[in-house]
Amino acid sequence: MTRHIRVPGLRRRKPKNKLRSMIRQLPNLLKLVMHLFTDSRVSMLDRALFAGVIAYVLTPMDLLPDWLGLFGLTDDLYLVSLALGRLLRRAGPDVLLEYWEGPPKALGYIMESVDQIGARLPAPVRRILQGTVFAR
């Protein structure tokens, strides 16, 4: 769990600005993931797990059906964030920085944000999804 520390004189970004920053870094994140999939230093299990989660998201079957609107998409977003977080953490900082084309600070922010996605998901559903991603 990430603790937030207040630094005197440092303005916190508004959520709208955070979302814009994340969207601007999306091309860099996609390039990074593609590079991680071709790098032999990244665990085959982590790559396969992320690919499996992407396949789950693209298939019509879901733990929470998509017809539930935003709540139905939450399980997809949460699973992607768990698998992406695992892929990034286990790749290691040297590999990540080798392929990251954006500012290093943005990569750090993305890694923190990935862990926060799905915080509004009910705890039982979160445990099931976490068990799926972190089973091994």
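The values are calculated or read from the model by the stated rules, or taken from the named source; none is laboratory data. These numbers come from a predicted model, not from an experiment. Cβ placement follows ideal geometry from the backbone for every residue including glycine, while neighbour counts extend to all protein chains displayed.
Quick grid of which residues meet (1) loosely packed, with under 14 Cβ neighbours inside 10 Å; (2) modelled with pLDDT of 95 or more; (3) β-branched (Val, Ile, Thr):
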| site | (1), (2), (3) |
| --- | --- |
| Arg12 | yes, no, no |
| Lys16 | yes, no, no |
| Leu19 | yes, no, no |
| Leu36 | no, yes, no |
| Ile54 | no, no, yes |
Members of the range 56-77 found to be among the charged types (D, E, K, R) and either closer than 18 Å to Ala123 by Cβ or modelled with pLDDT of 70 or more (or both), listed by number:
Asp75, Asp76
Of everything in the range 107-136 that's touching a helix residue (DSSP H, G or I) at 6+ places or on another chain (Cβ under 7 Å), outside any loop (DSSP other than H, G, I, E, B) and of a type in the set (A, V, I, L, M), which residue is modelled with the highest pLDDT?
Leu107
The one condition Glu101 fails out of (1) within 17 Å of Phe50 (Cα to Cα); (2) at pLDDT 85 or above; (3) not hydroxyl-bearing (Ser, Thr, Tyr) is (1)
Listed residues Leu45, Leu32, Leu49; which is touching a residue at least 40 places away in the same chain (Cβ under 8 Å), among the hydrophobic types (A, V, I, L, M, F, W, C), part of a helix (DSSP H, G or I) and within 18 Å of Glu98 (Cβ to Cβ)?
Leu32
Condition check for Arg3: part of a helix (DSSP H, G or I), modelled with pLDDT under 80 and basic (Lys, Arg):
no
